[in-house]
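Scroll down for the structure; my scribbles are underneath it.
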Amino acid sequence: MATWGTELMLLYVTDNGSSNALQSTDIAWTRWDGTNWSAPLPIRTNTQSEFAPQVAYDGNGDAIAVWERVADPNFTNLDLTAMAQQMEIVWSRWVRASGTWTEPVPLTANNYLDHTPLLCGPMASGDVLAVWTKNQSNLLMGTNAPGNDTVAWREWSAA
């Protein structure tokens, strides 16, 4: 959840009704305008499982969201390592002027685990900082081996 004045933006994981248990979640949102909550809606309905949404407002009052998503929309493999290879970080922007979310765009596109996104902002510049953990060994929990878990980041420019 993020705040902008008296406004709140809430993102959460919701069941999309898919019969494929491995691809059955979407990211939904609702906005408190200071008086009422909007009707909950998915940011985008798709056939890719999505997890761990984070949201923050930028200095312009637009909301920036990041989350984990399975890259392959047809993924059905029960192997956890195979699924870890599919986990990517995507982002979208809620445009205040239109009240709509942009099409989600990948921040990562690789064959290893990207997970646990976090957002910070707005910073003094109005920008928002996204950070996440990547593990090239596709381990959900890193070990003490060098280079196992690393932190990656991207900055959203409010300008």
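The values are calculated or read from the model by the stated rules, or taken from the named source; none is laboratory data. Note that the coordinates shown come from a computational prediction; the quantities given were computed from them, not determined experimentally. Every residue, glycine among them, receives a Cβ derived from its backbone with ideal geometry; neighbour counts consider all protein chains shown. Protein only, heavy atoms only, side chains kept; ligands, DNA and RNA dropped before computing areas. Shrake-Rupley method; radii C 1.70, N 1.55, O 1.52, S 1.80 Å.
In segment 122-132, the count of residues that are more than 24 Å from residue 23 (Cβ to Cβ), surrounded by 15 or more Cβ atoms within 10 Å (Cβ to Cβ), modelled with pLDDT of 95 or more and acidic (Asp, Glu) is one or more. Scanning segment 89-104 for residues that are closer than 19 Å to residue 156 by Cα, open to solvent by less than 70 Å² (accessible area, probe 1.4 Å) and of a type in the set (Lys, Arg) turns up at least one hit. Figure legend. Inter-residue proximity from segment 89-103: first residues in a loop (DSSP other than H, G, I, E, B), second residues hydroxyl-bearing (Ser, Thr, Tyr), beta-carbon distance below 8 Å, spacing 6+ or different chains. Indicated pairs: 102/92; 103/92.
Close Cβ contacts (under 7 Å, 6 or more residues apart or on different chains) running from residues in segment 29-51 that are within 13 Å of residue 104 (Cβ to Cβ) to residues that are of a type in the set (D, E, K, R) and open to solvent by 70 Å² or more (accessible area, probe 1.4 Å) comprise 44/103. Close contacts from segment 61-80, counting a first residue that is more than 20 Å from residue 118 (Cβ to Cβ) and a second that is open to solvent by less than 30 Å² (accessible area, probe 1.4 Å), with Cβ to Cβ under 6 Å and a gap of 6+ residues or different chains, come to 71/88; 73/48. Here the condition is being open to solvent by 60 Å² or more (accessible area, probe 1.4 Å), part of a strand (DSSP E or B) and farther than 14 Å from residue 95 by Cβ; of 3, 45, 14, it holds for 3 alone.
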